[in-house]
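So the structure is just underneath, and the comments pick up after that.
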Amino acid sequence: MIFHRVLLTGAAGNLGSILRRELSPKVKLLRSTDIAPLSGSYENEQCVVADLGDPTVADGLVSGVDAIIHFAGIVKKDVDFADVNRVSIMGMHSLYDAAVRHGVKRVVFASSIHVVGFYEQTDIIDAHALVRPDTYYGLAKAFGENLAQLYWDRHGLETVSIRIGASEAIASNHRQLRSWLSFGDMVRLVEASLTAPRVGHTIAFGTSRNGASFWDDRLARHLGYSPQDSADVFRTEILAKDHIPILTIRLSASRAACGPSSLVVRRLQSADRDFSGHDLGQRGQNDWLYGGHIKLSWLRQFSDAERDRQSPAGK
Ligand SMILES: NC(=O)c1ccc[n+]([C@@H]2O[C@H](COP(=O)([O-])OP(=O)(O)OC[C@H]3O[C@@H](n4cnc5c(N)ncnc54)[C@H](O)[C@@H]3O)[C@@H](O)[C@H]2O)c1
């Protein structure tokens, strides 16, 4: 890595905990911070408990570091806008302002595929595609990416915004066959983001080397990220458990669509529930009607000819 004094936010979180362990031996100083207490401390690590929603903490956190791994945030998808605003928007703004004041060179920002969550699964998009956030969570991540662009254009502060797919220990469902990012690859991608000689503001899609993807990541090739894992090793297990649909769906009317972004189901029944008349409202790729097994994008493709067939599994 070309940066040796690094601030890690969200250090008590799922991914932050892994980054602490993996990166602390590779830098001279890792300042790990979170609003939650941090257990223990590693060699070269300084632990600071702080609330990023408090604008007075940013200078102290950033002082003396040359790079930031910004992984803190309000992660729940159904969160109030006020919480998202305080931490993920205002807090990130404070951090970037402090970064400029203290001469920080680069930020690695944990963005999310929820920035583009309103695309259909059939759309393969790259980082130039218009953002289509699917939640306030995704909206805050889109703000973060725009903030990063502004601070690169205006102040020369570099950022790699990683639109993380699903970073979990194993891929455990159908969707994750395309969106999974192993913990090992997550660390490799963060390291690549801190090692690439010049990144400007790069938007990368954070996934492992999965056999299929919703995203075209060629615009981030200069990072030199080389994923080593693949969700494909879980395919058989996932298909056995997840591909067999739990629900049998019947649409009695013709296609259940009533507009470009709103959908009212005319008749839709599962074995134990009746969704007839259910207004799905404006939902995106990441929303599920029932138990994670019926995808809106799939419903949109539903045709009369397929009536009474079992659904392919969603998430
Ligand atoms: N894990 C994934 O699959 C995934 C996918 C997409 C994006 N991301 C992003 O990656 C980052 C890390 O994800 P994670 O799974 O480790 O989430 P996490 O919820 O486990 O970690 C987030 C951390 O942010 C901290 N935090 C929240 N509010 C704070 C505040 N006011 N001040 C300081 N710290 C605060 C939390 O205490 C928590 O430890 C998040 O920004 C998340 O949005 C993760």
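Kindly indicate whether any position in the range 131-141 is closer than 22 Å to ARG178 by Cβ and either among the β-branched types (Val, Ile, Thr) or exposed (fewer than 15 other Cβ atoms within 10 Å of the Cβ) (or both). Yes, the conditions are met somewhere in the range 131-141. Restricting THR236, THR195, THR207, THR159 to those that are without any contact (Cβ under 8 Å) to a residue 12 or more places away in the chain and either touching a Lys or Arg at 6+ places or on another chain (Cβ under 9 Å) or of a type in the set (S, T, N, Q) (or both) reduces the list to THR236. Count of the range 58-91 residues, restricted to those that are over 22 Å from TYR137 (Cβ atoms) and free of Cβ contacts under 8 Å to residues at least 24 places away in the same chain, is 1. Every condition in (1) surrounded by 15 or more Cβ atoms within 10 Å (Cβ to Cβ); (2) at pLDDT below 95; (3) more than 17 Å from the chain's Cα centre (by Cα) is met by GLY117 except one, and the failing one is (3).
Being hydroxyl-bearing (Ser, Thr, Tyr) and crowded, with 24+ Cβ neighbours inside 10 Å is the requirement here; does THR122 meet it?
No: the conditions fail for THR122.
Each residue in the range 56-99 was checked for being more than 24 Å from the chain's Cα centre (by Cα), more than 12 Å from the ligand (Cβ to nearest atom) and over 18 Å from GLU158 (Cβ atoms), and 5 pass.
Can you name every residue in the range 145-195 that is of a type in the set (Val, Ile, Thr) and in a helix (DSSP H, G or I)?
VAL187, VAL190, THR195
Of the strands (runs of 3 or more DSSP E) lying entirely inside the range 22-86, the ones with 2 or more residues being β-branched (Val, Ile, Thr) and surrounded by fewer than 17 Cβ atoms within 10 Å (Cβ to Cβ) are found at 45-49. Only one of VAL57, VAL75 is out of contact with any strand residue (DSSP E or B) (no Cβ under 6 Å at 6 or more places or on another chain), more than 22 Å from VAL190 (Cα to Cα) and not small (Gly, Ala, Ser); which? Just a single option satisfies the conditions, and that option is VAL57.
If only residues of the range 172-193 that are more than 15 Å from the chain's Cα centre (by Cα) and modelled with pLDDT of 95 or more are counted, the one that is surrounded by the most Cβ atoms within 10 Å (Cβ to Cβ) is SER193.
Selection of the range 100-129 for residues being within 16 Å of the ligand (Cβ to nearest atom) and either of a type in the set (D, E, K, R) or part of a helix (DSSP H, G or I) (or both) yields ILE113, HIS114, VAL115, VAL116. Scanning the range 15-53 for residues being more than 7 Å from the ligand (Cβ to nearest atom), charged (D, E, K, R) and over 21 Å from SER167 (Cα atoms) gives a total of 5.
The values are calculated or read from the model by the stated rules, or taken from the named source; none is laboratory data. No experiment lies behind these values; they were computed from the predicted model shown. Positions of Cβ are backbone-derived with ideal geometry, glycine not excepted, and every protein chain shown enters the neighbour counts.
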